[in-house]
Amino acid sequence: MTDIGVNLRTYLLTKSAITALVSQRIRPDALTEDETLPAIVYQEGGTEHEETVAAAGGVVHARVYVDCIDDSRADANTLAETVRDQLHGFRGALGSATVLGCDLLDRVKDYEPPADGSDDGRYVTTLTFRITASETVPTF
């Protein structure tokens, strides 16, 4: 199966609008406590595989969460809008994956209080995408 998260990271790193904001700081699953901001975290939330009567259908739908994290609400929102501009409605090569469609499903805003009790929390804008991609059909 195609690793949508890894391919998403590869694709975003080719976009100068993204790298101008986060450089290479696009991470799977979580940031370290002292990570330089702004940054992006992505997580795959689940996949559905299409089936035909006789075999696998060759299409996968992946739910991907993209957290846009910065030290101000306005900057987290700006980063999220930049990511949305690069992904919403996208079709084509996403790293080594062939994307048939990328739909923005949801946008949620959150605040992560600091673990050390200071005033330096993180603002997060999470975008939820459904990425539909081709996948190989197993042969037996």
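The residue list VAL22, VAL41, VAL6 contains one member that is under 10 Å from the mean Cα position of the chain (by Cα), modelled with pLDDT of 90 or more and closer than 24 Å to ASP119 by Cα, which is VAL41.
The set of residues in the range 63-83 that are under 16 Å from ASN7 (Cα atoms) and not in a strand (DSSP E or B) contains only VAL83.
Condition (residue is touching an Asp or Glu at 6+ places or on another chain (Cβ under 8 Å), assigned to a strand (DSSP E or B), within 30 Å of ASP34 (Cβ to Cβ) and modelled with pLDDT under 95) applied to the range 102-112: is it met by at least one residue?
Keep residues of the range 102-112 that are touching an Asp or Glu at 6+ places or on another chain (Cβ under 8 Å), which gives none.
No.
The residues of the range 117-140 that are touching a residue at least 60 places away in the same chain (Cβ under 8 Å) and more than 12 Å from the chain's Cα centre (by Cα), listed by number, are ARG122, THR132, ALA133, SER134, GLU135, THR136, VAL137, PRO138.
Taking the range 39-51 on its own, how many of its residues are touching a residue at least 40 places away in the same chain (Cβ under 8 Å), crowded, with 16+ Cβ neighbours inside 10 Å and closer than 14 Å to THR126 by Cβ? Total meeting the criteria: 2. Annotation: of all residues in the range 78-97 being hydroxyl-bearing (Ser, Thr, Tyr) and surrounded by 15 or more Cβ atoms within 10 Å (Cβ to Cβ), the one that is nearest to ALA17 (Cα to Cα) is THR82.
Confirm whether ALA30 is at negative phi and in contact (Cβ under 8 Å) with a residue 24 or more places away in the chain. No: the conditions fail for ALA30.
Residue-by-condition table, conditions (1) in a loop (DSSP other than H, G, I, E, B); (2) at negative phi; (3) at pLDDT 95 or above:
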position	(1), (2), (3)
ASP85	no, yes, yes
PRO114	yes, yes, no
GLY117	yes, no, no
THR139	yes, yes, no
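The values are calculated or read from the model by the stated rules, or taken from the named source; none is laboratory data. All of these numbers come straight from a predicted model, not from anything done at the bench. Ideal geometry is used to build each Cβ from the backbone, glycine not excepted, and the neighbour counts take in all protein chains shown.
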